[in-house]
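Shown below is the structure under consideration.
Nothing in this text is a laboratory measurement; each read-out follows from the coordinates by a stated rule. A quick note: this is a predicted structure, and the numbers were derived from the prediction, not measured. Counting neighbours? That spans all protein chains shown, and the Cβs are built from the backbone with ideal geometry, glycine included.
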Amino acid sequence: MCGIIAYIGDEDAAPILLEGLRRLEYRGYDSAGIITIDNAGEFELKKDVGRVQDIHNELNLLDLEGHIGIAHTRWATHGGVTQANAHPHVSNNSKIAVIHNGIVENYKDLKSLLVSKGFHFDSQTDTEVIPNLIEYWMDSKGLSFIDSTIKTLQSLEGNFAVVIIDRDSRTIVGAKNGSPLVLGVGDRKKNEFFLASDIPAFLDRTKDVVYLYDGDMVILQSESSSPRATMKGSYKILDFRARTKKPIIRPIQSVSWSLAHAAKGEFDHFMLKEIAEQVETIQKAAAQDRELVQSVTESIRNAKGVFLVASGSSYHACLSASYLFAKLASFHINTVIASEFSQYESFLKPETLVIAVSQSGETIDVLDAVKTAKEKGCHIVSIVNVMGSSLTQISHKTLLLNSGPEISVLSTKTYTAQLALLSLLAYSLAGRYEEGLSKLKFLWNIVYNLTAATTRTKIKELSTTLANHEHIFVLGRGSLYATALEAALKIKEVSYIHAEAFAGGELKHGPIAMIKKGTPIVIFVSKDTEKTILSNAMEVKSRGGYIIGIGPEPIESFDFFIKVPESNSLNPICQIIPIQILAYQLAVILGHDPDKPRNLAKSVTVR
Ligand code: AGP
């Protein structure tokens, strides 16, 4: 929910941290701040509410001095959106600063303890207890910075990723416990290292990363760290939960993402870029290691009970796929919203298979669900986009979407990538792997046309018509009901227009009461549902509704038609694309930022 970036090395930290904040802003953007240690050994801190660029225009973040610093973009959890609540937070003695992603669930107790010891607090955040606890252990118990940090981390309850900077020893410590944190290994000649919530934050500086695991605490020191520093220009990883400080070795891996992936290119927004990338990303999702797919297929076949677990768009992809498993392989898969999964705990056995689907691999509800399942001995398969994310670390097998970084808060290319991969699994389970692969390859041309500028121009007409409506309804049947749910979510989360999806057959069970003259209804049509869904269209039409038909052929009752050629079982992959474009265009017309919708963050890492 928040963005973390830290730098230590021989270059000025401020420009690197500012660029990192810009690349992380999709993770949270109600306030931001940077702190560095200047050449005189003092902290220099600037932070405020607002977007990173606005804060920079106001405060000039580039004139912070020093080669070591930490920076943060915030998505408020504890405490309002105020300058005082922005990170970094500094200890009372101004020697320790912290940035934090997650929640300190026991912060009230810790805060009371510190207040009883004479500490004061400047913010309403839970985070502010961290630097002061470290100060407490250092000053009143005489522990070193590292030992004080370990004791502090051990006293925190809840999921967190924290980065802590010690002014006197010029040391940075990063610790991961349920929220994302990755180490970037920069130019060794410049002794440079990075810590960040997500790889794009430092991708322009290095592709060499060390994926940190829960419990990992990494210590970074530069050449200019204090004389007592024992690891000048290097790093060390240890387990802050362990009794000993035995170093842990984690491999340095090179990521395949290019900087172009993490840049907007010729597009105005990441959302439009990522919609257009679907021509390739659907194919990349299908290009899986065959043996791995076969192995997962066997796990599904041999399991006694299979659950698909996800949140948001990822849940819609799972719901859509569950129809395909039934239709192609006559296989029943329970599809459960991650935050509801604990209700099914009594069904979980060691023979149960849980397939967790998450673009970020950091959604706390999904991580909680998987941990619950693992406690019951279940086998865990995950379908994830971000390599090395928390979910991949707790799964027995992982299938990667290979979509590259998805920067826009909205899931678009990773949604269709999830559909493609889940469809391939359904075909594989039906013993029709090759057929599934070729059908997915066939989509290339359809998706190319759907994302082309000509189609976008046609949809723009529709977006100008719909922009002033308060409500938009969406109907679909079969797997296209899940598509309707996803379409409604896309429209809601980026245009802020109320959009609601119904299974076509439910229309007459109440929702039809909402229809009046001009009410816009999007209707997804496919060959296998056309008879029934078109009767829904007529029912709506006869009550004055404005019908937007999406499917292979127009019918006269449609007021607006978007052609999406029939692709049978794979219709959900193609039919969502026009609505992704529509949602994007509505946001632009209404003056919203499609990449950073209000109140949202890319990854929901707090409950
Ligand atoms: C959808 O556009 C949103 N980005 C959101 O619903 C998202 O799909 C959900 O938060 C799940 O995220 P995940 O795939 O990273 O777990």
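Just check segment 229-310 against the gyration tensor rule for me: Cα atoms, a ≥ b ≥ c as the square roots of the eigenvalues, rounded for a/c under 1.5, and otherwise prolate or oblate depending on whether a/b exceeds b/c.
Judged from the Cα gyration tensor, segment 229-310 comes out oblate (a/c at least 1.5, b/c at or above a/b).
If you take every DSSP beta bridge fully contained in the chain, what fraction is antiparallel? Give it as a percent rounded to 5.
Here the antiparallel bridges make up roughly 60 percent for the chain.
Which entries in 284/327; 264/397; 207/490; 151/397 show an alpha-carbon gap greater than 29 Å?
Checking Cα-Cα distances, 264/397; 207/490; 151/397 exceed 29 Å.
Compute the long axis of helix 413-429 from its Cα atoms, compare it with the longest principal axis of the Cα atoms of the chain, and write down the angle in degrees, 0 to 90, nearest 10.
Between helix and principal axis, roughly 70 degrees.
Give the Rg (one decimal place) followed by the Dmax (whole number) of the chain, computed from C-alpha coordinates and expressed in Å.
25.3, 82
Pairwise over distinct Cα atoms, reciprocal of the mean inverse distance: report the Kirkwood radius of segment 127-282 in Å, one decimal place.
17.2 Å
Right, next: Which FRET efficiency value, to the nearest 0.05, do you get for residue 397 and residue 340 by plugging their Cβ-Cβ distance into 1/(1 + (r/R0)^6) with R0 = 22 Å?
The computed FRET efficiency comes out at 0.35.
I would also like to ask the following. Of the lysine pairs in segment 1-150, how many meet both conditions: Cα atoms under 27 Å apart, and a spacing of 8 or more in sequence or different chains?
Within segment 1-150, the lysine pair count is 14.
A further question follows. Given R₀ = 25 Å, what would the calculated FRET efficiency be for residue 187 paired with residue 38, taking r from the Cβ atoms and rounding to 0.05?
E(calc), rounded to 0.05, equals 0.65.
Now a separate question. Quick one: compute a quarter of the convex hull surface over the Cα atoms of segment 400-444 and quote it in nm².
If I average the Cα hull's projected area over directions, I get 3.4 nm².
If you don't mind, another one. Taking segment 293-379 as the region of interest, what is the percent of Cα-Cα pairs per 10 angstrom bin, listed from the shortest bin to the one with the maximum distance?
Computed distribution, short to long bins: 18, 53, 28, 0.
Continuing with this model, one more query. Out of 81, 31, 348, whose Cα points farthest toward the positive end of the dipole of the chain (charges: +1 Lys, Arg; -1 Asp, Glu; placed on Cβ)?
Checked the options; the winner is 348.
How high is the relative contact order of segment 80-134? Use alpha-carbon pairs under 8 Å, at least six apart in sequence, and give a whole percent.
45 percent
Under the classification rounded if a/c is under 1.5, otherwise prolate if a/b is larger than b/c and oblate if not, where does segment 468-597 fall, given a ≥ b ≥ c as square roots of the Cα gyration tensor eigenvalues?
Oblate, because a/c is 1.5 or more while a/b does not exceed b/c.
Ok, one more. By its C-alpha gyration tensor, with a ≥ b ≥ c as the square roots of the eigenvalues, how is segment 171-222 shaped: rounded for a/c under 1.5, else prolate for a/b larger than b/c, else oblate?
Judged from the Cα gyration tensor, segment 171-222 comes out oblate (a/c at least 1.5, b/c at or above a/b).
Report, in whole Å, the centroid distance computed from the Cα atoms of segment 481-540 and segment 127-187.
Cα centres, segment 481-540 to segment 127-187: 51 Å.
What's the angle, to the nearest 10 degrees (0 to 90), between helix 290-302's Cα axis and the longest principal axis of the chain?
80 degrees
Once fully extended, how much extra length lies between residue 326 and residue 448, figured as 0.36 nm per residue of separation less the alpha-carbon to alpha-carbon distance?
Contour length minus Cα-Cα distance gives 41.0 nm.
Right, another one. Estimate the FRET efficiency between residue 124 and residue 54 by the formula 1/(1 + (r/R0)^6), using the beta-carbon distance for r and 35 Å for R0, to the nearest 0.05.
0.95
Would you kindly calculate the mean projected area, averaged across all directions, of the convex hull enclosing the Cα atoms of segment 345-466, in square nanometres?
10.2 nm²
Next question. Counting each pair of different Cα atoms once, what's the Kirkwood radius of segment 157-200 in Å, rounded to one decimal?
Computed over segment 157-200, the radius equals 11.6 Å.
Working out 0.36 nm times the residue gap between residue 117 and residue 468, then minus their Cα-Cα distance, what length gain in nm do you get to one decimal?
Length difference between fully extended and current span is 120.7 nm.
When N counts the residues of segment 356-396, how does its alpha-carbon radius of gyration compare numerically with 2.2 N^0.38 Å, as a ratio?
Scaled against compact globular proteins, the figure is 1.00.
Note the angle between two axes, namely the Cα long axis of helix 145-155 and the longest principal axis of the Cα atoms of the chain, as a number of degrees from 0 to 90, rounded to the nearest 10.
In the chain, helix 145-155 runs at an angle near 40 degrees to the longest axis.
Taking 0.36 nm per residue of separation and subtracting the Cα-Cα distance, what length does fully extending residue 45 through residue 204 add?
Value of the extension gain: 54.8 nm.
Once every Cα of segment 1-156 carries one equal point scatterer and solvent is ignored, give the base-10 log of I(q)/I(0) from the Debye formula at q = 0.11 Å⁻¹, two decimals.
-0.41
So, by mean Cβ neighbours within 10 angstrom, what's the order for 37-45, 373-381, 399-407, 240-248 with the highest one leading?
399-407, 373-381, 37-45, 240-248
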